[in-house]
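In what follows, a structure is listed as structure tokens, so that the remarks can point back to it.
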Protein chains: 2
Amino acid sequence: MASQIEVCLTPDLLPHFDLKDKIVVVIDILRATSCITTALASGVKSIIPVREVEECKALQQKGYLAAAERGGKKVEGFDLDNSPFSYQNPDLKGKTIAMTTSNGTLAIDLSKNVAKEVLIGSFLNQRTLCNYLQKKEDKILLFCAGWKGKENMEDTFFAGALIDDLSNMNVELENDGAFIAKAVYHVGRNQYKKFLRKSSHYQRLIGFGLEKDIDFCFTANQYDVLPYLKGNEIVL
Amino acid sequence: MASQIEVCLTPDLLPHFDLKDKIVVVIDILRATSCITTALASGVKSIIPVREVEECKALQQKGYLAAAERGGKKVEGFDLDNSPFSYQNPDLKGKTIAMTTSNGTLAIDLSKNVAKEVLIGSFLNQRTLCNYLQKKEDKILLFCAGWKGKENMEDTFFAGALIDDLSNMNVELENDGAFIAKAVYHVGRNQYKKFLRKSSHYQRLIGFGLEKDIDFCFTANQYDVLPYLKGNEIVL
């Protein structure tokens, strides 16, 4: 099937895109969309993504489990951080978790109520996501969450990887961001874990001792799930 | 000499950068910085870059020659368009020209009075620009003018080409944008004129019959000049 793909390199550039009638894939490899994928694959019932820490705190006070990350670290007073391993805990099965992160939940919130569908993309569910996209005829926007409004390498690389995966379709790259992402993927693909070490956020998380998190987030096809936004909640 | 390089992919992302004490290289390959380079190399005394068409019109009414481009086309009532060939006219020797373009003059204006130096970069003066940068120890920001706030391929590619040229220095890439630009250059370098045909602005200008302009703007080292901003005017 034919399809058109655009890449938005950071939320700061989203005003240039029309999300209406499009499938938006939110990408925040380190680590929000990797965490959400892990959580739902591990039995969490749903995630409520919110933009602000205060909104997340309010949901915690209503009785929800709540996860808040800023600057790569857990915000004090919350139940969960932004490590995918935290979401593999069997005690979380069947639970709904409110979540706010520096970049990923912002990108999800910006897409809410505007896009036709909002999907969660990560290396962890790459194949499942691609299989789904290959069946669709809608226009696709790959929306990189970046870092505080700036582009980043790992999200751009993964957008390029998805474009490569979809290249067997009659897919048209619709903006320069898509060609740029494809080029970044092309350069890094053979040794991508090494290539992505140049990413500023990789360096930041390494500084926090999070090598294991990064290595897991960079591992393809761990889960056969496709989280998507349904109303205000991310579900399977 | 050691130096640090960042790349800003579009003016919309400039708020994330601190220009103070930096050398800013403004890049608008198609076509503002190519025109400015051509003009000064051809004997034009100086260019006054302005953001708005109205400002440019006001300078025209004061007696300056004036160039205005929007959406790739000349604005009615102005003396010059945004084609490099227009600036090779011997009648322009010694003249000062007021200029406004969709992207390039905006990027120059955003850098004015903030950066330590503002230089004009294009394929046409690539070697001269690199020779200059290689002698400096200041931090460098390669500022891509993009297209109406969006990133574009040709400016990103040229930023990557400059990074490659400077790789014999002990240069540090300071942001993910610099690694992304380097990757784009790496993919396209062997056939860059063909590679850059994918650019949306290339396609736009081809639609206006401007193949010759594009081919000239993509030609390296035509002029041994380095235009820079001095007060409100670009001079040699």
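The values are calculated or read from the model by the stated rules, or taken from the named source; none is laboratory data. Quantities reported herein were computed from a predicted structural model and do not represent experimental measurements. Please note: Cβ atoms are built from the backbone with ideal geometry, for glycine as well, and neighbour counts cover all protein chains shown.
Pairs, please: C-beta under 6 Å, at least 6 apart or cross-chain, first residue facing chain B (nearest Cβ under 9 Å) and in region A:147-163, second acidic (Asp, Glu)?
A:GLY149/A:ASP12; A:GLU151/B:ASP176; A:ASN152/B:ASP176; A:MET153/B:ASP176
Quick one: in region A:177-192, which of the residues that are in contact with a strand residue (DSSP E or B) (Cβ under 7 Å, 6 or more places away or on another chain) and at the interface with another protein chain (Cβ under 7 Å from one of its Cβ atoms) is surrounded by the most Cβ atoms within 10 Å (Cβ to Cβ)?
A:GLY177
Looking only at residues in region A:164-176 that are within 12 Å of chain B (Cβ to nearest Cβ) and out of contact with any helix residue (DSSP H, G or I) (no Cβ under 8 Å at 6 or more places or on another chain), which one is nearest to B:ILE180 (Cα to Cα)?
If we take residues in region A:164-176 being within 12 Å of chain B (Cβ to nearest Cβ) and out of contact with any helix residue (DSSP H, G or I) (no Cβ under 8 Å at 6 or more places or on another chain), then A:GLU174 is nearest to B:ILE180 (Cα to Cα).
Which condition from (1) hydroxyl-bearing (Ser, Thr, Tyr); (2) modelled with pLDDT of 95 or more; (3) under 26 Å from A:GLU69 (Cβ atoms) is the one that A:TYR185 breaks?
(3)
Of all strands (runs of 3 or more DSSP E) completely enclosed by region A:17-112, which ones contain at least 3 residues that are buried (at least 24 other Cβ atoms within 10 Å of the Cβ)?
In region A:17-112, A:23-27, A:65-70, A:96-100 are the strands (runs of 3 or more DSSP E) which contain 3 or more residues that are buried (at least 24 other Cβ atoms within 10 Å of the Cβ).
Could you pull out every one of the helices (runs of 4 or more DSSP H) wholly within region A:146-236 that has 3 or more residues that are under 29 Å from A:VAL44 (Cβ atoms)?
Of the helices (runs of 4 or more DSSP H) lying wholly inside region A:146-236, those with at least 3 residues that are under 29 Å from A:VAL44 (Cβ atoms) span A:153-165, A:200-207, A:211-217.
Which of the numbered conditions does B:CYS8 fail, given that it passes all the others? Conditions: (1) surrounded by fewer than 23 Cβ atoms within 10 Å (Cβ to Cβ); (2) within 14 Å of another protein chain (Cβ to nearest Cβ).
All conditions pass for B:CYS8, except number (1).
Considering each of B:PHE218, B:PHE195 in turn, give the residue that is among the hydrophobic types (A, V, I, L, M, F, W, C) and either at the interface with another protein chain (Cβ under 9 Å from one of its Cβ atoms) or touching a Cys at 6+ places or on another chain (Cβ under 8 Å) (or both).
B:PHE195 is the lone residue from the list that is among the hydrophobic types (A, V, I, L, M, F, W, C) and either at the interface with another protein chain (Cβ under 9 Å from one of its Cβ atoms) or touching a Cys at 6+ places or on another chain (Cβ under 8 Å) (or both).
Which one of these does B:GLY63 not meet: (1) within 14 Å of chain A (Cβ to nearest Cβ); (2) on the phi > 0 side of the Ramachandran plot; (3) not aromatic (Phe, Trp, Tyr)?
All conditions pass for B:GLY63, except number (1).
Is one or more of the residues making up region B:123-131 of a type in the set (Lys, Arg), within 14 Å of chain A (Cβ to nearest Cβ) and assigned to a helix (DSSP H, G or I)?
no
Conditions: (1) buried (at least 21 other Cβ atoms within 10 Å of the Cβ); (2) at positive phi. A:GLY149 meets all but one. Number of the miss?
Unmet condition: (1).
Quick one: would you say B:LYS136 is modelled with pLDDT under 95, at negative phi and either out of contact with any Cys (no Cβ under 7 Å at 6 or more places or on another chain) or not polar (S, T, N, Q) (or both)?
Answer is yes for this residue.
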